[in-house]
Every structure is written in structure tokens, then in C-alpha cells.
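Read the structure below first, then the notes.
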Amino acid sequence: MPFWRCYYHVIWATKNRAFSISTNVESVIFDGVHQKSRVLGVPIVGVNSCFDHLHVAAMIPPKIAVADWIQQVKGRTSHDVNEQFPDLDHPFRWQNSYGVLTFGAKQLDFVLTYIAHQKQHHAQNTLHPYLEKIEDEDR
């Protein structure tokens, strides 16, 4: 088996940035992220959300395209939320876009701490804009 350590910080948001990630929905999303990633052989090292978006730190093996993993996890989680909460005002959906950043093992603690404190960062406005990007405004 080849050696690899490929760390990714992935961010994606709800459709139209709707504040639709409640505590109950968040739990379903986290379970879906972990379950689908386990099936795909992708270790999840951190996951958290804040009202309208999700942060995931994952070790995606080179044999899996990052975009494919994101698509499958987004699909799984939106399906799970809609199945478990059929009476939502609107079906739960994710935006098509996402942000992907790579990082090394030396930055792992920083990234995991940032992800773990998402709600506090947003409440206290202590965000790192680079770690929150979902779309490339420069293009």
C-alpha cells in the first residue's frame, strides 16, 4: 500500500446561504459526512458547521478526486436531511460551489481548532477569511 498524507480543508454552504443548519440538522449532516467518507475510505479529522455552511478537514487519498468526494458527501447529507426532516419549509440543498484548501501536518492543529470553534468565530467576528472562502472572487 502506498504512503500518502493529503490533508484538505473543504467548505461548502447551503443553497442561497439559508440558515437551515439547526442542531438537529447538523447532527444528521455530521453523521452523513462520516458514514459516506468511511465507505469511500476517507478519514475525517474534523467537521463543524455554522448556520449556513460546513467545514470539513479530511484526508482524501490520491485515488479519489476531491470533487468526487465532495459531490458524494453533499448528495448523501442533503438526502439524509430531507429524509429525516420531510416537513422542512423547503427541501435542504447545498450550493454547487465549494472551497478547497490543502494543508500539511504542521498546520493540522491550527485547522482543527479553527473548525472546532466555528460558531465562536462567527459570533465574535474572529474569522480567517481565507479559511471561509467558497467562491473565487478573483476569477
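Work through the residues other than residue 14 whose Cβ is under 10 Å from its Cβ and net out their charges, Lys, Arg +1 and Asp, Glu -1. Net local charge, residue 14 excluded: +2. Calculation over all alpha carbon pairs of region 10-120 in 10 angstrom steps from 0 returns a P(r) of 14, 50, 31, 5, 0 percent. Whole-Hz Karplus values for region 44-49 come out as 9, 9, x, 8, 7, 9 Hz, taken residue by residue from phi with 6.51 cos²θ - 1.76 cosθ + 1.60 and θ = phi - 60°; glycine and proline positions read x.
The trypsin sites (Lys or Arg not before Pro) of region 1-42 that DSSP puts in a loop, and whose beta carbon has at most 12 other beta carbons within 10 Å, are 5.
With semi-axes defined as the square roots of five times the eigenvalues of the C-alpha gyration tensor, the equivalent ellipsoid of region 56-108 measures 28, 12, 10 Å, largest first. In the chain, helices alone account for a calculated mean residue ellipticity at 222 nm of -12000 deg cm²/dmol, with every DSSP H run of four or more residues adding -39,500 (n - 2.57).
Within region 1-79, list the chymotrypsin sites (Phe, Trp or Tyr not before Pro) lying in a DSSP loop whose Cβ has at most 11 other Cβ atoms in a 10 Å radius. Spell out each step's value before the answer.
Details: sites: 3, 4, 7, 8, 12, 19, 30, 51, 69; in loops: 3, 4, 19, 51.
Taking region 1-79 and a limit of 11 other Cβ atoms within 10 Å, the loop chymotrypsin sites (Phe, Trp or Tyr not before Pro) found are 3, 4, 19.
Stretched out straight at 0.36 nm per residue, the stretch from residue 134 to residue 15 would grow longer than its current Cα-Cα span by 41.6 nm. Mean-square fluctuations from a GNM of the chain, with a 10 angstrom spring cutoff on Cα atoms, peak among 39, 47, 25 at 39.
Just so you know, all these numbers are worked out from the coordinates, no wet-lab data involved. Because the structure is predicted, anything quoted here is derived from the model rather than measured. Positions of Cβ are generated from backbone atoms using ideal geometry, with glycine treated the same way; all protein chains shown enter the neighbour counts.
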